[in-house]
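Below is one structure, written out as structure tokens; comments come after it.
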Ligand SMILES: Nc1ncnc2c1ncn2[C@@H]1O[C@H](COP(=O)(O)OP(=O)(O)OP(=O)(O)O)[C@@H](O)[C@H]1O
Ligand code: SF4
Ligand SMILES: [Mg+2]
């Protein structure tokens, strides 16, 4: 009769994993070079002199010239670019013109705040968006579905700053149940710095007061930032779920008498989530890039506000540092998404299907 | 034998368009019934409806009587999805046409198969795995323990259909619905799977509703056949009767499309008239869509025997007044039930 099933051996599967990771890393290097070149060029062709901005009215032409040569801004562009790349390769991102600190140190200070906020926002939207999408698909065209879709419509169409202002006005201004902004209250002692993530650090220090205070401060900005992602996720999950529930293998699973929770939450959900993973990755990437409006309104000392501050003062080293960080983040998130596909989809693991759309 | 499935007046509609009209079906325990018809005649819809597998809405399933194993599956005259849900697996299970889409691509065969065994046989641990291996062996799969850890894309079409059959057997159903289980397979593999199904049916005594558009396939597995056209059963008869004396013009057309299926006795006993042969050669035209059914007998635009009254009223399924043995000389034939005003009683067609 028929031959043995042609399951690739484990070693072959790992070769596939290796190939995909290598390809992705190779791509990332090109991406990084492209992005640094572009930001470098862009930042050097925009009108305006960062040194003049920095010194303001008080800068005499001689002072400005001295400053420029000190910063290396008087050298020819290609040379500046070459030395920039050289420094990058050694993780020397230069010194911020505005804060006069190494850019790397600045990023290390500002990024954890953004990381903490966007991770909370993402977790919130996963926790809300996925169940909402599932419920919506199961109750298709019933009141719950309509309500969920209205909610999602709000998420994708409501301006973030407006939602933030409403949240502030109500939760702080009127009811005073949430703080106005910042990461901690004035009187809360920050936990010892380990990761820069206050929730983690306070847990490590077993400091529940700081933990609760940090969590309390995270609520409003997380909601604000996570609403759009929640809405996007709910829509995607609903659409995918409806599609999957129509598949033969789900009808087969039901026809075999498997219980409805098992069919939905195990056999259908995994299939439905497959394309959604890409969306989650993209959303996380954009959350991590810093939400300027949300961070500004909630006085959140994150990468978005840092970037705004830097652009106002034409702080090229800082801006390029931020851009680089964002590019790296996108690369890392994408790599994680790819790895997740390898874990979840045996067809990709076997190299049978190269990519899912 | 006791009645396993009783269906009276089954109607299925999608968004107010009726697709299945007043179907009656009765299946005894261990009996095999074939459903035959061209594509779009409503075979899949009616069987999926019985399993409660149609999306509600847009589907709406109603019946006058619908009972399985003595239990009613209706609430009022609507299908009770909860009640059907309880019968699925243990009571009735279904094999799908395309095994490639019927197996979940992200889970191993073992994962799903063992989930079914756990659910219906309450086995755990090694007993569970042993049972899974035995089931795969029973459907003729080589190296079963290897297959348990395989994903669907690693198996061939025939192997996939065999695993699907093993999964349904795992639930030990008393009714197996097979919706064109061999259509998507290569001819040789199809023959093997068909033989497997026939064997399993004989051994386990499971009742079977076997759907196909191929009369030849049905005759190998089933003892009785219902012919569907445009959402109705137009003829229902034991296989012998149907093959020796097909009475509905549409059934005759089906045989004409597969001339080698006619039993030698059927051809040898009398001269086939020239114009009858022409009538049998093919069914002209195509199946009407459910939204635009012709009035009266839905077959009348394609029927060589149609008269004026055919598009006035819908013919109902009735036992033929003339016993078929009078027509063919076979004494043991049971009469057919036919929905036609002018059933073909082996006389030359009218007109011409
Ligand atoms: N989900 C659905 N929504 C609307 N109409 C449907 C749906 N499913 C089936 N139909 C219609 O019902 C009719 C019968 O379809 P069905 O699938 O039962 O045909 P079939 O006899 O199984 O044909 P085939 O041999 O191609 O499988 C068709 O006209 C089809 O268009
Ligand atoms: S009822 Fe009339 S149209 Fe319909 S099959 Fe019979 S003869 Fe043909
Ligand atoms: Mg079908």
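The values are calculated or read from the model by the stated rules, or taken from the named source; none is laboratory data. None of the values given here were measured: they were computed from a predicted structure. When we count neighbours, we look across all protein chains shown, and the Cβ atoms used for this are built from the backbone with ideal geometry, even at glycine.
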Suppose we keep only residues that are at the interface with chain A (Cβ under 7 Å from one of its Cβ atoms) and surrounded by 20 or more Cβ atoms within 10 Å (Cβ to Cβ) within segment B:141-163. Which one would you say is modelled with the lowest pLDDT?
B:158
Filtered residues of segment B:287-304 (kept if assigned to a helix (DSSP H, G or I) and within 16 Å of ligand 3 (Cβ to nearest atom)):
B:290
Can we say residue B:172 is within 18 Å of residue B:209 (Cα to Cα), surrounded by fewer than 24 Cβ atoms within 10 Å (Cβ to Cβ) and more than 16 Å from ligand 2 (Cβ to nearest atom)?
yes
Lone unmet requirement of (1) touching a helix residue (DSSP H, G or I) at 6+ places or on another chain (Cβ under 8 Å); (2) closer than 22 Å to residue B:50 by Cα; (3) surrounded by fewer than 22 Cβ atoms within 10 Å (Cβ to Cβ) for residue A:278
(2)
Among the listed residues A:148, A:127, A:108, A:121, identify the single one that is in a helix (DSSP H, G or I) and more than 18 Å from the chain's Cα centre (by Cα).
A:148
If you take the residues of segment B:34-65 that are within 23 Å of residue B:252 (Cβ to Cβ) and touching a helix residue (DSSP H, G or I) at 6+ places or on another chain (Cβ under 6 Å), which of them is nearest to ligand 1 (Cβ to nearest atom)?
B:37
Between residues in segment B:6-17 that are surrounded by fewer than 18 Cβ atoms within 10 Å (Cβ to Cβ) and residues that are in a loop (DSSP other than H, G, I, E, B), which pairs lie under 7 Å by C-beta distance while being six or more apart or on different chains?
B:8/B:63; B:8/B:64; B:9/B:63; B:9/B:64; B:14/B:58; B:15/B:58
